[in-house]
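Notes follow the structure.
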Amino acid sequence: MVLRIIIIFVLAVNLYSCTKKKEIIYEPQKKISAYKLYEEGLTAFEKNDFFFASKKFSEAERNFENIEFAAKSAIMSAYSLYGINFYEEALKDLENYLKIYPADQNVIYAHFLIAVIYFEQISDEKKDIDPLLKARDKIEFFLEKYPNTDYAIDLTFKKDLIENQLAAKEMYIAKYYISVKKWVPAINRLKMIVKEYDKTIFIEEALHRLVEIHYHLGLDEEAKKYASILGYNYNSGDWFKQSYKILNKEYKIANKMKNNNKENKDSQSFIKKIIEIIK
């Protein structure tokens, strides 16, 4: 019985000692300085170490009590991810930023960056037009909501490039249908260019092809209708001269046509070069 009491006493003393030691060892962690984290992120950002910068900006956002500084950290984190082409992650951060800080002063820039990211993702697309359409939707949203900003000038230019690329795809498909003599789908594609992409460099050719196909099918009135539209808007253009030649067999096209066709090709090549530069 005495031995049992001694054992219980020893165990109680040991348990008390352990508890006391734990209380002595424990030290509360110091709160991380959000300003220091932001400064570290900014230093990394200036050195183009965007991955590390994004990490630090993200940490700073979580530690800032000031909502304005937290929002700024969030947008910098997203931009850093964009800087290393982490598009998916950057878009996710930007969408979260817009939800959490809808009244922040950099909201316009966030929408601009979203549009640019979608635009840059179309550079390697060869067949699927879905990225083109998404990019156009984002750009149109921005231009409608913020038309008088400096960013709108850049996005308007990008939209024109997208429109030309979409029209080029329609023209390519139309020419394929023409080559296999599938006239109805060819006409539908060309009408799409006339209706949706009338401000692109492909509008004149589309109208001429409509003249050409309808004349070939014996639909002279339809051919004349499209020739009239072409002549009214582009009567000094070379595509109109070709259409005029179809309807007036005696008309002779000057040799200048070859040079102008080369200029049209050069113009298209220039647009492609611009796309390469932008991406």
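Points to keep in mind about this one:
- In terms of packing, defined here as the mean over residues of other Cβ atoms within 10 angstrom, the peptides 188-201, 73-86 line up highest first as 73-86, 188-201.
- Cross-linked pairs Lys56/Lys138; Lys72/Lys92; Lys175/Lys199; Lys72/Lys158: Cα-Cα separations exceed 24 Å for Lys56/Lys138; Lys72/Lys158.
- Order of Trp239, Trp183 - criterion: other Cβ atoms within 10 Å of each residue's Cβ, fewest first: Trp183, Trp239
- Modelled spin-label separation between Leu133 and Ile67, with each label point placed 7 Å from Cα along the Cα-to-Cβ direction: 3.8 nm.
- Each eigenvalue of the Cα gyration tensor of the stretch 131-187, multiplied by 5 and square-rooted, gives one semi-axis; in descending order these are 33, 9, 8 Å.
Read the figures in this text as sums done on the coordinates, not as results from a lab. What you see is a predicted model, and the numbers here were worked out from it, not measured in a lab. Quick reminder, even Gly has a Cβ in these numbers, built from the backbone with ideal geometry, and neighbours come from all protein chains shown.
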